[in-house]
Amino acid sequence: MSTLLLQCVGPLQAWDTQSNFGVRTTGREPSKSGIIGMLCAALGRARSEPLTDLAALRMGVRVDQEGRVLRDWHTAGKGGYLKASGSIERKNLITSTRYYLADAAFLVGFESNDLDLLLNLHAALRNPHWLLFLGRKARVPSEPPYLADGLRDVNLVESLQDYAWIGRSRKLYDGIGEEVRLMLEDENGSQVRNDNPISFEKGRRKFTARRVRTLFIAKPPYQTAVAEEESI
């Protein structure tokens, strides 16, 4: 087994799997559909193209910084908007409530026997075809998702356990305790997530359920390069 690692680090992220227009929530860690959408953008894969190879990847997420949930009351349509009836609405604004994760950091891994696929994904993350977002459009990464050493010749769990912490502050690292949370895709897991994508095609979006379990693993090692920079 080989594993591809990528990072999701940014001021705001939103990993929504169940919202309607009026209220848009966020999960506490990246969804599989959201990350596969990012990989499709990196590859330049159109919404109408199949997702079978990507959906078959086994996913794990290590939560290096849990982040804080923020609420935003959002308005749109101030200049007028077209209604389904064909008329123009100029008086009433469209309002929605949107939730985000602030200052979160996640290490995401995908495990597969298909090394060629992982090599292609690693290369695509290094030079993405389209812009990459952290779940919702305009939620841009503060650090590239691509990790130069992110292609690992070990299994998913070992990769997530051993890779250095991806936060950027020794103070934060010292304050997270002795363990971090790990969300692992597992067919025997007790939790069900309806975020395994079948199609992203407009008007035909479809997802299926997958099972995950929560683990707590020893805090990963602090990044040597960051430690050296802070000592200068």
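The values are calculated or read from the model by the stated rules, or taken from the named source; none is laboratory data. Please read these numbers as outputs of a predicted model, since none were measured by experiment. For neighbour counting, all protein chains shown are included, and Cβ atoms are generated from backbone atoms with ideal geometry for every residue, glycine included.
Could you figure out which of (1) at pLDDT 95 or above; (2) surrounded by 12 or more Cβ atoms within 10 Å (Cβ to Cβ) isn't true of D153?
(2)
Mind listing whichever residues of region 1-56 are part of a strand (DSSP E or B), at pLDDT below 90 and hydrophobic (A, V, I, L, M, F, W, C)? Let's see the steps before the verdict.
Taking region 1-56 and keeping what is part of a strand (DSSP E or B), we get 2-13, 23-24.
So of that shortlist, the ones also at pLDDT below 90 come out as 23-24.
Scanning region 1-56 gives a single hit, V23.
Can you confirm whether Y222 is among the aromatic types (F, W, Y) and in a helix (DSSP H, G or I)?
no
Of everything in region 195-219, what is in a loop (DSSP other than H, G, I, E, B) and within 17 Å of the chain's Cα centre (by Cα)? Give them in sequence order.
Within region 195-219, just F200 meets the criteria.
Hey, could you check region 206-228 for residues that are under 30 Å from G167 (Cβ atoms) and loosely packed, with under 10 Cβ neighbours inside 10 Å and say which is modelled with the highest pLDDT?
A218
In region 114-141, how many residues are surrounded by fewer than 18 Cβ atoms within 10 Å (Cβ to Cβ), aliphatic (A, V, I, L, M) and under 12 Å from the mean Cα position of the chain (by Cα)?
1
Exactly one of (1) buried (at least 20 other Cβ atoms within 10 Å of the Cβ); (2) over 16 Å from the mean Cα position of the chain (by Cα); (3) acidic (D, E) is unmet by D72. Its number?
Single failed check for D72: (1).
Among (1) modelled with pLDDT under 95; (2) on the phi < 0 side of the Ramachandran plot, which single condition is G203 missing?
(2)
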